[in-house]
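Asker: Structure provided below as structure tokens; questions to follow.
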């Protein structure tokens, strides 16, 4: 199951980035499970990573190598997360990076590893190393769609976004891929995102841009988007476009940022649309909060309520469950009578109870839609936040009760 | 589905308490849906209520009438929660109390109303009022089992606990009933508990006892036990036992408290065992925390992880999901290597990874059990907490996707 069509875009080539995909038999035979990004020398690279205290060995190593500067390759495997693997896990991650560095002729610190899949099992290092030559042979600047497929785990479809903008008469391209899956609730079904551009941006500014874009996108789907042991999102700038370097405070940077945010939003929302067992794509909008945190607290409480989620799955306009979730979000001195809740264009709650104009028929009509916005106006301030989530279906239970078997 | 046998005990009569049950057709025909507790004059009464900001009209009214002192009747209906019903809801609750007060010849402030069932629909006042004479006619000191049935909603079985203890040569009895249901996650499937004793206790001490007992029982099942719009738990002391009055600091009070805690624990755990779709009864024990709050944060994060819950449903010893949940509980400076996690007697995690002695066979053997303890030792302090929860099954989705239909 998945919501919407979710077709891949026509990816624009990013000058300075080549992608190689191989089938290395990590968990399944004959499945694309190894992806290598090759970045041209001089590229800048920024990353955001999971905040889970148990972050996986590849996350620890990628952070370290990123801090050392000058990444030249991203090495991504599916089928095994190399998480909860203790000292052995780090040894294995290092061994894979070492193997790629020798084949590619770069320092091993120039390799950033990423793993996704089952937790707590030893990384099949031999399979990965044996797969590397094929991945390097396959390196091609137009292999984005292949790479989008190569990073999938329980995803039902590949996810990508791509754009070209004109900056001062020169083309700047941005392309990205993402994977998710178990995104109905925060969990360890790793979320990965890789976005590259041929824009020319220094590393410090690139990291700021990535943090801003990730916060508005990957960190707004389900609870906080940072709960897997392996979540990682990378932004690469090759600087090969002929557009001038993007400088802080420039109109060009502003224009680029708008396009970049759109790419991130598309990649993040694609993960929700393909959430495990998802039959609905739900935007939870909270307005009139006293602070951003307050708006997020309410939004997440509603988005994570299993009763709200099962009602969405059942297409049941059970507004009482939404109201109850708002009520337990922990807001001090909440004025019930000030709260207004809408499902798309239909007002369901007003003055502490059901809106007088509400009818089950109108509620039902909205709930039958595949994409629904729950808008909650708190009427106590000026802050607003939006997050995206899905319903909770039988399929979700089936997928997660059978994942390892 | 439910875990364990869950048979009702032989209820000990509480001198001074009579119970009357009627079928008033509130939502279903021919179903016990109205329960009246009659308390002898001079009884003391304590209550704890939901912390949900949207608390239902009957909760607001019960709190108010309890504060006014001298409750004589509890009036409980199922089939309709009278929540999210605005001003009309309060009017309806008052009307029901007024009707009972006239029939019983007491002040209407002496009535405490409790409602459970669907949210946001008008309370069927006429059905309730028409059912009152039958409930009053049925009043009987030995109708506890009937009352336990009368407060059920989606519960699959009635829940009760009862004990007699000897205090200074005199019998003191405690009997209680509870209802829950949708307790896999915090929600609005109201939790109700009614416990009565013939002990002689003043109201202030009784309220302290209730708060203490509820915190260790009803507030330790799922997230915080206080999230429904209607959750209520009452403790009544009739003072009809010949045992001396229970005074603060006495050995007799200590002895009574032990028994009372056991009753509360049994009633609360019975709710978990009958959780919607429950196939497992899971104790989550967190030890070695720096504070109680920290222990609870870890316990709740594990207990609410849908991935942990679906793995429990699948009898899958997926220890990686437990580890990932601990890692995202938000503890600062968590030392991964100090953490030990056991499933019953089998150690699964040690030194940041799978315990070297762990085998899938041993993990599987534990996971096949109906009752499982997940013990997490953080190794950073002296605080410990235990909470109880269930798995997440297809049945849970089915029940909650079809509740209103």
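The values are calculated or read from the model by the stated rules, or taken from the named source; none is laboratory data. Just so it is clear, the model here is predicted, and its values are computed rather than measured. Here Cβ is always computed from backbone atoms with ideal geometry, including for glycine, and neighbour counts include all displayed protein chains.
Asker: Just for the range B:181-207: of the residues that are closer than 25 Å to residue B:149 by Cβ and either more than 14 Å from every other protein chain (Cβ to nearest Cβ) or out of contact with any helix residue (DSSP H, G or I) (no Cβ under 9 Å at 6 or more places or on another chain) (or both), which one is modelled with the lowest pLDDT?
Answerer: Checking each candidate, the answer is B:190.
Asker: Only one residue in B:391, B:357, B:342 is touching a residue at least 12 places away in the same chain (Cβ under 8 Å) and surrounded by fewer than 21 Cβ atoms within 10 Å (Cβ to Cβ), so which one is that?
Answerer: B:342
Residue by residue, here is whether (1) under 25 Å from the mean Cα position of the chain (by Cα); (2) crowded, with 16+ Cβ neighbours inside 10 Å; (3) farther than 30 Å from residue B:9 by Cα; (4) away from chain A (no Cβ under 14 Å) holds:
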{"position": "B:61", "(1), (2), (3), (4)": "yes, yes, yes, yes"}
{"position": "B:70", "(1), (2), (3), (4)": "yes, yes, no, yes"}
{"position": "B:86", "(1), (2), (3), (4)": "no, yes, yes, no"}
{"position": "B:91", "(1), (2), (3), (4)": "no, no, yes, no"}
{"position": "B:103", "(1), (2), (3), (4)": "no, no, yes, yes"}
{"position": "B:117", "(1), (2), (3), (4)": "yes, yes, no, no"}
{"position": "B:124", "(1), (2), (3), (4)": "no, yes, yes, yes"}
{"position": "B:132", "(1), (2), (3), (4)": "no, yes, no, yes"}
{"position": "B:140", "(1), (2), (3), (4)": "yes, no, no, yes"}
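Asker: Related question: Among the residues of the range B:12-52, write down those that are within 14 Å of another protein chain (Cβ to nearest Cβ) and over 27 Å from residue B:126 (Cα atoms).
Answerer: Listed by number, the residues that qualify are B:51, B:52.
Asker: Something else about it: Out of the residues in the range B:208-236 that are in a helix (DSSP H, G or I) and under 29 Å from residue B:89 (Cβ atoms), which is modelled with the highest pLDDT?
Answerer: B:210
Asker: Restricting to the range B:350-383, what's the tally of residues that are more than 30 Å from the chain's Cα centre (by Cα) and closer than 30 Å to residue B:274 by Cα?
Answerer: 6
Let's see how each residue does on (1) over 30 Å from residue A:81 (Cα atoms); (2) touching a residue at least 24 places away in the same chain (Cβ under 8 Å); (3) out of contact with any strand residue (DSSP E or B) (no Cβ under 9 Å at 6 or more places or on another chain); (4) within 12 Å of another protein chain (Cβ to nearest Cβ):
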position	(1), (2), (3), (4)
A:324	yes, no, yes, yes
A:330	yes, yes, yes, yes
A:352	yes, no, no, yes
A:398	no, yes, yes, yes
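Asker: Answer yes or no as to whether residue B:289 is away from every other protein chain (no Cβ under 13 Å) and either touching a helix residue (DSSP H, G or I) at 6+ places or on another chain (Cβ under 6 Å) or at positive phi (or both).
Answerer: In short, yes.
Asker: Given the conditions (1) touching a residue at least 60 places away in the same chain (Cβ under 8 Å); (2) more than 23 Å from residue B:120 (Cβ to Cβ), and given that residue A:283 satisfies all but one, which numbered condition is not satisfied?
Answerer: Result: residue A:283 fails condition (2) only.
Asker: Within the range A:47-57, how many residues turn out to be surrounded by 24 or more Cβ atoms within 10 Å (Cβ to Cβ) and over 15 Å from the mean Cα position of the chain (by Cα)?
Answerer: 4
Asker: Select from the range A:313-322 the residues that are touching a residue at least 40 places away in the same chain (Cβ under 8 Å) and either facing chain B (nearest Cβ under 8 Å) or closer than 16 Å to residue A:387 by Cα (or both) and list them in ascending order.
Answerer: A:313, A:316, A:319, A:322
Asker: Can you name the condition, by its number, that residue A:57 falls short on among (1) touching a helix residue (DSSP H, G or I) at 6+ places or on another chain (Cβ under 8 Å); (2) away from chain B (no Cβ under 11 Å)?
Answerer: All conditions pass for residue A:57, except number (2).
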